[in-house]
Every structure is written in C-alpha cells, then in structure tokens.
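Visitor: My questions all concern the structure below.
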Amino acid sequence: MSQTSATPAATPTEGRHPRAFEPVTLVVTIVLSVLGSVIGLVLITTLGIAPNTSVIGALIAMLIGRISFAALSRMRDPQRQNLVQSAISGSTFAAANSLITPIAVPFLLGRPDLVWPMLGGAVIGLAVDSWVLYRVFDSRLLPASAAWPAGIAAEAGS
C-alpha cells in the first residue's frame, strides 16, 4: 500500500503572505472594522454585552471572496480573511471594551466631570496596548514564522 499525505490546498498567494495594506484588503478591513465598531457600541450600550464579531467578520470576508469581481476574488485567500477577521474583532473590542466601558464608570458614580479624563486615559491605554502587541508579534513570545493550526492561536494565551 502506498501512503499519501494530504497537502493543503494551494492559495493564490502561496509563497508570499498577503499584506494588510494591499488596496483591496485595506478597504475591506476598514469597512468591516467600522461596521464591527458600530455593532460593538450598539450591543454594549443597549444589551450590556461585548460581542465576538470576529465570526461576523469571517463570514463577511468569505462572502466577499465569493463575489465574481476580479479585485474581490483575492479575498478567497484564507490568510486575507484572517487579517480581516482579526481587524474586525480588534476594532469591536477596542470600541466597546476599551473606550465606552471606561467612560461609563464616571457616569455610574455620578461624576460626569471625569468622563473626558477617563476617555483620554482609555485612548492612551488602547494605543499603548496596540503598540506593545505590534512589537511583540513575530518575537519569541508570539512567533509568526508559520501559520498556526486551527484553534492553536486561541489556546496559546490560556
């Protein structure tokens, strides 16, 4: 008997990882990030929950990849879809958890005069957090030398 090994399906960008600043990827990422931020703000202010919109981002990115338009066909690449999914998840949590929640606390405590200082601190904290995550990526702590198997990225932090 001969043994055959399963090889992953070839992607359009095999050998070169897609860049986040490619025009199509950047436009889709910005549009979906804004949409995710709005969804996050609406849900946290009306229901009090922070949603996981990375699922919505993944579904929309896959749907966009199925559109028969030359430029959007690049979104069929799972790595591009992952970039978009990560961006929408980050924007949702940044808007809902990092910005709105901290400014709600002074209102609950009856101190609306502290809203602007709290918002300033939250923006600085979000910027520092984003910068640290950017600097740590592709280090020994958070390697990026190869794609992580499904589910491993989420389990790495736990």
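Visitor: Output the qualifying pairs, or none if there are none: Cβ atoms under 6 angstrom, residues six or more apart or on different chains, first residue in the stretch 17-45 and touching a residue at least 24 places away in the same chain (Cβ under 8 Å) and β-branched (Val, Ile, Thr), second residue surrounded by 15 or more Cβ atoms within 10 Å (Cβ to Cβ) and not in a helix (DSSP H, G or I).
Guide: Hits for this filter: Ile39/Thr53; Ile44/Ala50.
Visitor: Quick check on the stretch 105-148: of everything there that is of a type in the set (D, E, K, R) and loosely packed, with under 10 Cβ neighbours inside 10 Å, which residue is modelled with the lowest pLDDT?
Guide: Arg140
Visitor: For the stretch 1-93, list the helices (runs of 4 or more DSSP H) that sit wholly inside it and hold at least 3 residues that are modelled with pLDDT of 75 or more and loosely packed, with under 15 Cβ neighbours inside 10 Å; which are they? Give the derivation first.
Guide: Numbers: elements: 23-46, 54-65, 78-93.
Those helices (runs of 4 or more DSSP H) span 23-46.
The values are calculated or read from the model by the stated rules, or taken from the named source; none is laboratory data. Here the structure is a predicted model, which is why all the values come from computation and not from measurement. Glycine also receives a Cβ, built like all others from the backbone with ideal geometry; neighbour counts cover every protein chain displayed.
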